[in-house]
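**Student:** There's a structure below that I have some questions on.
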Amino acid sequence: MKIDFELLQKMVDAGASGAVVLAYLKDQYDRDEKRRAADRMRKTKENNRKSSENLGFPGNSARFRKLSANDPASMDEAAWDQVLATYKAVGKWSRHAGPDPESPSCRCPPALLEKHGIKLPAGVQ
């Protein structure tokens with residue numbers, strides 16, 4: 001909070017009571033606090049977005065926004081690597097990548113599943 005000491009001095013010189021000066025300071029603090037709260041909210045949203053991209057949640061990644069949610073066949077190896085790394089780290093499969101590896105209709109290339117150490121259920125190829 002930036003305090004305007006000249007204004008405070010003028011208030012005191014004009015005979016303002018301590019309550020008036022305190023009310024002025026409280027008002028300034030409240031205005032600054034609202035601005036700080038808005039900044040914290042903006043930074044939190046930005047940090048969450050960056051974290052989700054770093055974890056590989058494709059919904060927030062520019063590369064995945066270009067892909068059709070119903071067409072995992074259009075995904076390249078780097079996109080699959082990102083989805084699989086997230087799945088391995090946090091156990092969350094991207095809805096943009098089609099059915100998860102536990103489904104018989106999973107469209108992820110089996111070689112990439114093996115590369116990430118993800119085992120297919122018995123009977124699934």
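The values are calculated or read from the model by the stated rules, or taken from the named source; none is laboratory data. Please read all numbers here as calculations on a predicted model, not as lab measurements. Positions of Cβ are generated from backbone atoms using ideal geometry, with glycine treated the same way; all protein chains shown enter the neighbour counts.
**Student:** Restricting the first residue to the range 31-50 and requiring it to be assigned by TED's automatic domain parsing to the domain that holds I3, which pairs with a second residue that is at pLDDT below 90 and assigned to a helix (DSSP H, G or I) meet a Cβ separation below 7 Å and a spacing of at least six or different chains?
**Tutor:** R49/N60
**Student:** Within the range 95-125, track down each residue that is modelled with pLDDT under 85 and in contact with a Ser or Thr (Cβ under 9 Å, 6 or more places away or on another chain).
**Tutor:** Within the range 95-125, H96, P121, V124 qualify.
**Student:** For residues that are among the hydrophobic types (A, V, I, L, M, F, W, C), within 17 Å of K119 (Cβ to Cβ) and either surrounded by 13 or more Cβ atoms within 10 Å (Cβ to Cβ) or touching an Asp or Glu at 6+ places or on another chain (Cβ under 7 Å) (or both), tally how many sit in the range 74-103.
**Tutor:** 5
**Student:** Can you list residue pairs whose Cβ atoms sit under 8 Å apart, with the first residue in the range 83-96 being assigned to a helix (DSSP H, G or I) and the second being modelled with pLDDT of 85 or more and of a type in the set (D, E)? Count only pairs 6 or more apart in sequence or on different chains.
**Tutor:** Cβ pairs passing all conditions: Y87/D100.
**Student:** Does M11 meet the test of being more than 30 Å from K119 (Cα to Cα), out of contact with any strand residue (DSSP E or B) (no Cβ under 7 Å at 6 or more places or on another chain) and at pLDDT below 85?
**Tutor:** yes
**Student:** Then there's this: For the range 1-55, how many residues meet the condition of being surrounded by 10 or more Cβ atoms within 10 Å (Cβ to Cβ), among the small types (G, A, S) and not in a helix (DSSP H, G or I)?
**Tutor:** Residues meeting the conditions: 2.
Residue by residue, here is whether (1) at pLDDT 75 or above; (2) not charged (D, E, K, R) holds:
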position: L22; (1), (2): yes, yes
position: Y29; (1), (2): yes, yes
position: E33; (1), (2): yes, no
position: K43; (1), (2): yes, no
position: N47; (1), (2): yes, yes
position: K50; (1), (2): no, no
position: G59; (1), (2): no, yes
position: R63; (1), (2): no, no
position: L67; (1), (2): no, yes
